[in-house]
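A short write-up of the structure that comes next.
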Amino acid sequence: MTRQIRTAVFPVAGLGTRLLPATKALAKEMLTVVDKPLIHYAVEEARAAGIDRFVFVTSRGKSVIEDHFDFAYELNQTLDARGKKEAIESLADWLPPAGHVAYTRQPSPLGLGHAIWCARHLVGNETFAVILPDDLVLSKTPCMKQLIDAHACTKGNVVAVMEVPREQTNRYGILAVGDDDGRLAEVKGLVEKPAPEDAPSTLSIIGRYILLPEIFTELGRFERGAGGEIQITDAIARMIGVAPCHGLRFEGERFDCGDGLGFVRANIAFALARADMRPKLEEFIHQRL
Ligand code: UTP
């Protein structure tokens, strides 16, 4: 029997240099798409997948994330005094219960793999999920739920994947593919940011992972990869042959909100997906164009 995946790790210690100056004093993960911060979407997605333990790997300047997921006494009192019951209920609805949120820090940005390793004691000896909040996915079924369902069949590491243009392989972790049913692809190898001519395929990893706890041993070797960083892709690659590894072509559209254009696209797509905004926004876009 597979044990339920209870914990999600959110690595949020990056500097967000591509979005400067917006991210100079503001955590990238607190940038809003329509009316919710990126990190809020990430936690919602995890909860919708049945996860109820949330581990944030933060760094200096990110304490606003802690405030976001904490009870705000003055705000509640003010809303109460103004009779705004609905707002109070909605806040209570999405706040994770006490004791279900944990924070740890990555002392310096040594890479995504290192950030995940920093969460090892909070995750323990369990299979866990990783969500990168700057990768936002618009889908019918939450992307993380799709990964968890795939893991229930494969029992190994699972990464969310999508096709990218060959000239962009040097931005992603790329799969060497074995058996492939068009949705779930067996991973034979992984290369971080290969040049287009060296890429074994154009199937690339986006920011959703299901990882076995043995990954922490691999990450603890502190092997530096592309860009001199400790890469999660390299650690997963070293587990191939020891544990099953699959790439899931998830249903949905992914937006790279760590990049200016991707962030604007996400705002438009998420606003158009909202029944209360779509008609007026469509009208506005038509007028502008
Ligand atoms: P990015 O590659 O987007 O890096 O990290 P970044 O620093 O956030 O942004 P740029 O490239 O400077 O604009 C992908 C995810 O991994 C986390 C980031 O917070 C983001 O969620 N990360 C990355 C860490 O937590 N620690 C790291 O050392 C590197």
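Values in this text are rule-based calculations from the coordinates and carry no lab data. Every value quoted in this text rests on a predicted model; they were computed, and no experiment measured them. Every residue, glycine as well, gets a Cβ built from its backbone with ideal geometry; the counts of neighbours run over all protein chains shown.
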Using mean Cβ contacts within 10 Å as the protection proxy, how do 99-111, 133-145 order, highest first?
133-145, 99-111
Quick one: length gained pulling residue 283 to residue 78 fully straight, 0.36 nm per residue minus the C-alpha distance?
70.2 nm
How would region 96-235 be classified by its alpha-carbon gyration tensor: rounded, prolate or oblate, with rounded meaning a/c under 1.5 and the a/b versus b/c comparison settling the rest?
oblate
Name the lysines eligible as straight-distance cross-link partners of residue 145: C-alpha to C-alpha under 19 Å, and not fewer than 8 places from it in the same chain.
155
